[in-house]
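Peer 1: Take this structure, written in structure tokens, and hold onto it; I'll ask about it next.
Any read-out appearing in this document is the output of simple, stated calculations on the displayed coordinates, not a laboratory observation. Since we're looking at a predicted model, the values are computed, not measured. Counting neighbours? That spans all protein chains shown, and the Cβs are built from the backbone with ideal geometry, glycine included.
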Amino acid sequence: MLLNRQEDSILRLRDVMDITRHSRSQIYALMSQGRFPKQARHGRRGACWSRLAVMRYVSIILAGGEYSATEHPETDA
């Protein structure tokens, strides 16, 4: 699935969990290992992710690959 910057949006944690089918703890564990897109801060306590970064992660995983945040910094929020 190819998306361009104009189609990017912000996803909240619940949205990311719904899309990836990962729990909160799985997302944060993968993120700390560099195997999930990095979050961005939204306000003082909120976290959000780039839709493009999450969709790229899903595409790579579904294709049988392994996501690396260091290989895809341009789409991380």
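Peer 1: According to a simple spin-label model (label point 7 Å from Cα along Cα-to-Cβ), what is the distance in nm between GLU66 and ASP8?
Peer 2: Distance between label points: 2.7 nm.
Peer 1: In terms of modelled amide H atoms, which long-range or inter-chain residues lie less than 5 Å from the amide H of HIS42?
Peer 2: ALA47, CYS48
Peer 1: Only Lys, Arg, Asp and Glu count, each charged at its Cβ (+1, +1, -1, -1), so figure out the dipole size of segment 10-75 about its Cα centre, rounded to 20 debye.
Peer 2: 400
Peer 1: With unit charges on the beta carbon (Lys/Arg positive, Asp/Glu negative), name the residue among GLY43, MET17, GLY64 whose Cα is farthest towards the positive pole of the charge dipole of the chain.
Peer 2: GLY43
Peer 1: Answer rounded, prolate or oblate for the chain, using the Cα gyration tensor with square roots of eigenvalues a ≥ b ≥ c: rounded when a/c is under 1.5, else prolate when a/b is larger than b/c, else oblate. Show your work: numbers first, answer last.
Peer 2: Numbers: a/c = 1.45, a/b = 1.13, b/c = 1.28.
It is rounded, given that a/c, with a ≥ b ≥ c, falls under 1.5.
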